[in-house]
Amino acid sequence: MAAVSYRPSLLDAIRVGVLALGLVFAATGLLPAADARASLDRIAPILLFLVGVIVLAELTKEAGVFDRIAGALARAGRGRYPALFLLCVAFAAVLTAFLNLDTTAVLLTPVMLALAARAGIAALPLAMTTVWLANTASLLLPVSNLTNLLAADRVALETPRFAARMWAPQLAVLAVTMALLWAVFWRRRTRGADRYDPPPPAPVGDRVLFGATSLACLLFVGAILAGVHTGFQLGIAAAVAAIIAVAAFAVRDRRALRPALIPWQLLVFVTGLFLVVPTLERFGLDDAMAALVGRDDGAAGALRAAFSGAGLSNVLNNLPAYVAGEAAVPAANHDQLLSLLIGTNVGPVIAPWGSLATLLWFEWCHRFDVKVPMVRFLLAGTALAVLGTAAATSALLLT
């Protein structure tokens, strides 16, 4: 197969520009060297985790594991849309929880769109399930979202305690997400058919690679369930699982081990943000966020922090919105910080740039020629952001 030439996109230019701006800030002293080092030290384990989990997921997809699971879900639905809906929601939610939202956006989106083509299913319901669940199913575990890793470190919650604190908000926002998905995108009037034809099983090209990558994923999930919780430990667990997958492909199919496996776009973007945002905090962003978020750790303060985070996420992006908001929340206000986390995870479903996962999802839709009706996308996203943030924050406060 001929090699596909890479053409940098506008999004790539923005990522590189953010890093370049951050380096300029550090080089000129606008960001003091000590602050720059502290910021980079904080994200070093997170970058290791991102590289490991994306490489693992990409090779798992290459081995056909996700295609088989998606096909099995379609056949398990037996041609019934309600059953397929529940199965797709469960698959996307589990994948997001354990392999993070960017994995869902990068890898599950093309699987679902390809499944739609094979089974003759309308693509938009499957696509919207992917992008919404990539964002709203990212509350349960520290590994589910980069912002979760930062928040878990800030409030000193290990994985089991973090999940114990966030399970109720996660269930609440999943209920809202499912209700809106069905009402706006999945019901008979919008999907356009009563039943679908389940596709035949996808062939397994190499059973050794299929088994090795499946085992690597199970080991990674097992490490999380066994109590791996710090950024460093999560990074090591993801790296070990990725090494297993890489070793299998090195023996069976070296052509798959291409430089594009390394998610340089994520590394560049995250590193740049963690240099730019601390600089902006020194020149007024801290004061602006403090005014928005406030210092109240009660119910009113929690809701204020959640909706401030959601709003700023759709103006900028959820990662800088969380980082700036975190700096404005007093260290003792754990409920307020977790509410801010809810807003920056659930809220960025309105603007296409609200989260990196949404940006990646739009790229896949463009490649598959899936037309996204922007008015419906914006209106439905606004409803989800408002109702989902309110439901999840209320659940956090009640539990």
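What to note about this one:
- For the condition aliphatic (A, V, I, L, M) and either buried (at least 23 other Cβ atoms within 10 Å of the Cβ) or out of contact with any Leu (no Cβ under 8 Å at 6 or more places or on another chain) (or both), residue 114 qualifies.
- Verdict on residue 351 being of a type in the set (A, V, I, L, M, F, W, C), touching an Asp or Glu at 6+ places or on another chain (Cβ under 7 Å) and within 23 Å of residue 144 (Cα to Cα): no
- Taken across the range 70-92, residues that are basic (Lys, Arg), on the phi > 0 side of the Ramachandran plot and touching a residue at least 24 places away in the same chain (Cβ under 8 Å) do occur, with at least one present.
- Taking the conditions (1) more than 20 Å from the chain's Cα centre (by Cα); (2) surrounded by 21 or more Cβ atoms within 10 Å (Cβ to Cβ) in turn, residue 338 satisfies each one other than (1).
- Residue within the range 98-113 that is small (Gly, Ala, Ser) and within 25 Å of residue 371 (Cα to Cα) present: yes
- Residue that is surrounded by the fewest Cβ atoms within 10 Å (Cβ to Cβ), among those in the range 67-90 that are assigned to a helix (DSSP H, G or I), touching a Phe, Trp or Tyr at 6+ places or on another chain (Cβ under 9 Å) and not basic (Lys, Arg): 82
- Residues in the range 316-347 that are in a loop (DSSP other than H, G, I, E, B), over 22 Å from residue 15 (Cβ atoms) and of a type in the set (A, V, I, L, M): 329, 331, 332.
- Residues that are assigned to a loop (DSSP other than H, G, I, E, B), within 19 Å of residue 183 (Cα to Cα) and of a type in the set (Val, Ile, Thr), drawn from the range 348-396: 349, 350, 372
Values quoted throughout were computed directly from the atomic coordinates according to the rules given, and no laboratory measurement underlies them. Here the structure is a predicted model, which is why all the values come from computation and not from measurement. Cβ sites come from the backbone with ideal geometry, for glycine too, and all protein chains shown count toward neighbours.
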